[in-house]
Amino acid sequence: MVESDAEEDRRQSLRAPIELKVEYKRLNTFFADYTKNISRGGTFIATERPLPLGTEFVFALTIPRLEEPLRLRGKVMWTTPVSSATSEEPPGMGIEFQFDSDQERRDTVRSVETLLVAELGDVLAEKLLGRPVEGGESED
């Protein structure tokens, strides 16, 4: 089943537009697609082959400035199949990050926030996050 609500209604957190290479595996097949946006709680992966709703999987985000990809666990929360995609809502899947512990959640949130600051700058990252970023530049 594919959810058809507006994308904004499906999100728990504001998302920043960003394109990162994402790699994941399904049944011995590797996929390389791209994120279209990211937030503290999840990401959207643009793909013409979305995984079924509820699928949990591990994926790797290739991030400039990091030697190793950021490995995350996610769950498919909604999909947009090719048949109903538009230019405003491309085909793909909305992914909610999954965590084994509060520490893993904090570490991932910190990594995503660092990525947002690096890609968007302090001002836009703070607006997106709704609070000052840790280690961000402040005017004294």
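Bear in mind these aren't lab numbers, they're just calculated from the coordinates by the rules spelled out. For clarity, every value in this text was computed on a predicted model and none was experimentally measured. FYI the Cβ positions are ideal-geometry reconstructions off the backbone, even for glycines, and counts take in every protein chain you see.
Using the count of nearby Cβ atoms within 10 Å as a rough guide to exposure, how do F30, F97 rank from fewest to most?
Ordered from fewest to most neighbouring Cβ atoms within 10 Å, F30, F97 come out as F30, F97.
Which order do F59, F44 fall in if you start with the one that has the fewest other Cβ atoms within 10 Å?
Result, fewest neighbours first: F59, F44.
Please order E67, E56 by the number of other Cβ within 10 Å, starting at the fewest.
Listing E67, E56 from fewest to most nearby Cβ atoms yields E67, E56.
Sticking with the crude label model, points 7 Å out along Cα→Cβ, report the distance from A85 to T62 in nm, one decimal please.
Going by the 7 Å Cα→Cβ label model, 1.9 nm.
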